[in-house]
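As structure tokens, the structure follows; a few thoughts come after it.
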Amino acid sequence: MTGPLAASHTDGGAPAAFVEKRPLQHFVAPEKPSLVGLTRAALAAALGAVGVPERQRRMRVQQIWHWLYVRGARDFEAMTTLSKELRTVLAQQYTLARPEIAAEQISVDGTRKWLLRLPGEIDGRPHEVECVYIPETDRGTLCISSQVGCTLNCTFCHTGTQRLVRNLTPGEIVGQVVLARDRLNDWERAAAPTGQDEKRLVSNVVMMGMGEPLYNFEAVRDGLSVVADGDGLSLSKRRITLSTSGVVPNIARAGAEIGSMLAISLHAVTDELRDQLVPLNRKYPLRELLDACRHYPGASNARRITFEYVMLKGINDSLADARALVRLIKGIPAKINLIPFNPWPGTRYECSEWEQIERFSEVVFDAGYASPVRTPRGRDILAACGQLKSATEKLSASERLALRAMAMTD
Ligand code: SAH
Ligand code: SF4
């Protein structure tokens, strides 16, 4: 969700809401591993490692699963269906830790953004990723990250200017969902009987934060399998969307092994332009990408593929581009998501004029495609993935203090 969440402040200038920000400190790796986010098989192995006999493991996994992902337990003592001995042994060896929150911001429109600090350090700075929650009337979407940084260098994307630091683990991927449920007090609502998914605050997950999920395939697959598990967090695969810049060989694999909804960062209708905007296009050009979409399992009118299209002024926003776009995706059950470009310091691009976005959207709509333009959300908290992190990095210590003081008075 880098796109919708514009970087500029609202008209008044000052951040409207600010809850918590802790000063940077060097990250100390946890002594004990967390059980949050392990697959059932990995959890069974963790139980085996502390002496739980093989024949009991399945049942214990099921019990712990329920405490972790239905009840939101944060310590082993709460797990009253386990014996006292087992709880003690588990607490000696493991934790139920979620990713550490380095900063939390809440926008006047309810958008929340967390800067998360993960184990590891580069150039004296901790590994950090972002996670954004966007409430809407009929759903609440959590945008999560898959990597610290990115290997790809899409020229309009701020994450693309950062080098890849590392892949997230399945635990860190699931941890973002668990943490959002914690912070939003969503556990009770989320445990409501099936069919009432819309009552949950976190009802949808999009993998549109930092990183290219299909270059961290196994961890993303395993993490999303935990998120989708019907005895746990229970987010249906139709409510999980994975966005890719076009790692063609892994698209079919994602269809077979993950089965979520698919979003493609298209952004251009010719190879010539897409080669510049999304350099991965040189490896996997448009024809191959669209072929992979045509064969994506389960794509149907009820399960459309989303094509993301960032609106860049004078680059890809002409009406001829709009017409070429609908020709290009002909025959694919699709939605087109027009994303106003979200500028960042040093970028060479500008966002298209609003009128041009509307005209572009009309062409797409007239061709029979839903073409929602993502409304910018969380403007007052710089709620764009890749932007809270950069904003905190850019600020000097005294500026950070000033920002904090200003925010505290709101
Ligand atoms: N790496 C994946 C997912 C993360 S990016 C991908 O590229 O699809 C999520 C979406 O935000 C992508 O469509 C991406 O192209 C878009 N995006 C990145 N930077 C942006 C910016 N500055 N403004 C608008 N959208 C942006
Ligand atoms: Fe940014 Fe996605 Fe491109 Fe990586 S692949 S640089 S996250 S748009």
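Each value in this text was obtained by applying a stated rule to the coordinates, not by laboratory testing. All values derive from a computational prediction rather than experimental measurement. When we count neighbours, we look across all protein chains shown, and the Cβ atoms used for this are built from the backbone with ideal geometry, even at glycine.
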- If R0 is 35 Å, what FRET efficiency do you get for residue 166 and residue 191 from their C-beta distance, rounded to 0.05? 0.55
- Under-5 Å amide H pairs with residue 246, H placed in peptide plane, nonlocal only: 265
- Check residue 206: other-chain or 5+ apart residues with amide H under 5 Å from its amide H, H built from backbone geometry? 142, 143, 144, 241
- Query: Between residue 54 and residue 84, what length in nm is gained on full extension when 0.36 nm per residue of separation is reduced by their alpha carbon distance?
  - Reply: 8.9 nm
- Could you bin all the Cα-Cα distances of the stretch 145-245 into 10 Å bins starting at 0 and give me the percent of pairs in each, rounded to whole numbers? 16, 45, 27, 11, 1
- Query: If the viscosity is 1.567 mPa s and the temperature 4 °C, what translational diffusion coefficient in µm²/s does Stokes-Einstein give for the stretch 40-93 when Rh comes from Kirkwood over Cα pairs?
  - Reply: 117 µm²/s
- Item | Calculated over the stretch 312-364: convex hull of Cα atoms, volume per residue (Å³) | 81 Å³
- Points 7 angstrom from Cα along the Cβ direction at residue 366 and residue 276: gap in nanometres? 2.7 nm
- Round to a whole angstrom and tell me the spacing of the C-alpha centers of the stretch 51-113 and the stretch 151-211. 18 Å
- Query: Across the Cα atoms of the stretch 195-237, what radius of gyration and what greatest pairwise Cα-Cα distance (Dmax) are found, in Å?
  - Reply: 11.6, 34
- Item | Per-bin percent of Cα-Cα distances, the stretch 98-407 [20 Å] | 33, 60, 7
- For 180-189, 59-68, 127-136, ranked highest to lowest by mean beta-carbon neighbours within 10 Å, the order is 127-136, 59-68, 180-189
- Across 32/113; 199/237; 32/237; 113/313, pairs whose alpha-carbon gap is larger than 24 Å: 32/113; 32/237; 113/313
